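Novice: Structure in structure tokens, see below.
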Ligand code: NAD
């Protein structure tokens, strides 16, 4: 049997009392098992353990700029789609981690190049990127797939989801749940207008992972768009093009061996 000898673990927690307490117990147990705990991000750490809900998991990846280090979550929040462990599974986890008894789930990340006439800013996401009108205005977006024009969308906005983000905001909008072993992107409309004045598709599109989704906003108000990446909002002015692609980067999520996506979906949604 091969023993896993990873030793340095970074434990990060949100501020909720249950998370702090769980994190304190977890650190104590890890130290008793010979692990070395770091409280600040260390690129040489073998594992990041994130105590909190899905929001804390997403924040951890964003604030450390999508590290290559595997991450596992202890769920002290409500749903816990990414958070693999419950606070009463800490001993089980340490036992299995030491034996190397786990799998790494690679999460595909979404990337947007948000461009003015002169420069581009990169925005990354785990779940989704939404493009909406400023101050809840109707937005008009010319959407192309590679260089092939698809539609002029009018409505509240559009959402582009990764497979692992398909169960989040995308699902609330009526988008499909995608098995995360499939490599594709889903474009889901948010309140599309479909009248004689404006014609927009009303269902999601599913496109292959190598497609570039090109968005050209058509401005009628303030020359601004709002871009929301995993729930964090950014407002940009004078954007002429947004190119969304599947990133080459991956996040590594550590899961127990019995992890099954569709069981998780049933358990959390039905
Ligand atoms: P939050 O607390 O408002 O999260 C909303 C819910 O989304 C939480 O219950 C969370 O557990 C769940 N969630 C997050 N990622 C998920 C996933 N991949 N699959 C299933 N459920 C998931 O905000 P947060 O915790 O900072 O999370 C940000 C996410 O919230 C965004 O990425 C977006 O997907 C989601 N969101 C959902 C809606 C909606 O459903 N109407 C609206 C805005 C944002």
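The values are calculated or read from the model by the stated rules, or taken from the named source; none is laboratory data. Only a predicted model underlies this, so the values are computations on that prediction, with no experimental measurement involved. With ideal geometry, Cβ positions are generated from the backbone for all residues, glycine too; neighbour counts draw on all protein chains shown.
Novice: Could you grab me the full set of residues in segment 46-60 that are within 11 Å of residue 12 (Cβ to Cβ) and buried (at least 22 other Cβ atoms within 10 Å of the Cβ)?
Specialist: Hits for segment 46-60 are 48, 49, 50, 51, 52, 56, 57, 60.
Novice: Does residue 106 meet the test of being free of Cβ contacts under 8 Å to residues at least 60 places away in the same chain and surrounded by fewer than 19 Cβ atoms within 10 Å (Cβ to Cβ)? Talk me through it step by step, then tell me what you get.
Specialist: Working: free of Cβ contacts under 8 Å to residues at least 60 places away in the same chain: no; surrounded by fewer than 19 Cβ atoms within 10 Å (Cβ to Cβ): yes.
No, not satisfied.
Novice: Please give the number of the condition residue 141 fails out of (1) away from the ligand (no atom under 16 Å from the Cβ); (2) not assigned by TED's automatic domain parsing to the domain that holds residue 154.
Specialist: (2)
Novice: Is it the case that residue 212 is in contact (Cβ under 8 Å) with a residue 40 or more places away in the chain and surrounded by 19 or more Cβ atoms within 10 Å (Cβ to Cβ)? Show your work before the answer.
Specialist: Numbers: in contact (Cβ under 8 Å) with a residue 40 or more places away in the chain: yes; surrounded by 19 or more Cβ atoms within 10 Å (Cβ to Cβ): no.
So residue 212 does not fit the description; no.
Novice: Look through 46, 91 and report the one residue that is within 20 Å of residue 256 (Cβ to Cβ) and touching a residue at least 60 places away in the same chain (Cβ under 8 Å).
Specialist: Working: 46 fails: touching a residue at least 60 places away in the same chain (Cβ under 8 Å).
Being within 20 Å of residue 256 (Cβ to Cβ) and touching a residue at least 60 places away in the same chain (Cβ under 8 Å) holds for just one of 46, 91, which is 91.
Novice: Still on this structure, I have one more. Could you check segment 166-185 and list, in sequence order, the residues that are touching a helix residue (DSSP H, G or I) at 6+ places or on another chain (Cβ under 9 Å) and under 16 Å from residue 54 (Cβ atoms)? Step through it out loud before you land on a result.
Specialist: From segment 166-185, those touching a helix residue (DSSP H, G or I) at 6+ places or on another chain (Cβ under 9 Å) are 167-168, 171, 175-181; that's our starting set.
Across segment 166-185, the qualifying residues are 167, 168, 171, 177, 180.
Novice: Now for a separate question. Filter segment 1-19 down to the residues that are part of a helix (DSSP H, G or I) and either loosely packed, with under 14 Cβ neighbours inside 10 Å or in contact with a strand residue (DSSP E or B) (Cβ under 6 Å, 6 or more places away or on another chain) (or both) and list them by number. Please lay out each step first, then the result.
Specialist: From segment 1-19, those part of a helix (DSSP H, G or I) are 17-19; that's our starting set.
Once the filter is applied, which keeps residues that are part of a helix (DSSP H, G or I) and either loosely packed, with under 14 Cβ neighbours inside 10 Å or in contact with a strand residue (DSSP E or B) (Cβ under 6 Å, 6 or more places away or on another chain) (or both), segment 1-19 yields 17, 19.
Novice: In addition: When you scan segment 186-196, do you find a residue that is within 21 Å of residue 55 (Cα to Cα), surrounded by fewer than 17 Cβ atoms within 10 Å (Cβ to Cβ) and either within 16 Å of the ligand (Cβ to nearest atom) or not assigned by TED's automatic domain parsing to the domain that holds residue 127 (or both), even just one?
Specialist: Taking every residue of segment 186-196 in turn, none turns out to be within 21 Å of residue 55 (Cα to Cα), surrounded by fewer than 17 Cβ atoms within 10 Å (Cβ to Cβ) and either within 16 Å of the ligand (Cβ to nearest atom) or not assigned by TED's automatic domain parsing to the domain that holds residue 127 (or both).
Novice: Looking at (1) surrounded by 15 or more Cβ atoms within 10 Å (Cβ to Cβ); (2) over 13 Å from the mean Cα position of the chain (by Cα); (3) over 19 Å from residue 263 (Cβ atoms), which one does residue 66 not meet, given that it meets all the others?
Specialist: (2)
Novice: Write out, first by first residue and then by second, each pair whose Cβ atoms fall under 7 Å of each other, whose residues are 6+ apart or on separate chains, and whose first residue, in segment 183-204, is part of a strand (DSSP E or B) while the second is exposed (fewer than 13 other Cβ atoms within 10 Å of the Cβ).
Specialist: Listed pairs, sorted by first residue: 184/208; 189/202; 192/202; 194/202.
Novice: Moving to a separate point now. Would you check which residues across segment 223-240 are surrounded by fewer than 16 Cβ atoms within 10 Å (Cβ to Cβ), in a strand (DSSP E or B) and more than 21 Å from the chain's Cα centre (by Cα) and list them? Walk me through how you get there before you give the answer.
Specialist: Taking segment 223-240 as the starting set, the residues that turn out to be surrounded by fewer than 16 Cβ atoms within 10 Å (Cβ to Cβ) are 223, 232-235, 237-238, 240.
Among the residues that remain, those that are also in a strand (DSSP E or B) are: 232-235, 237.
Within segment 223-240, 237 is the sole residue that qualifies.
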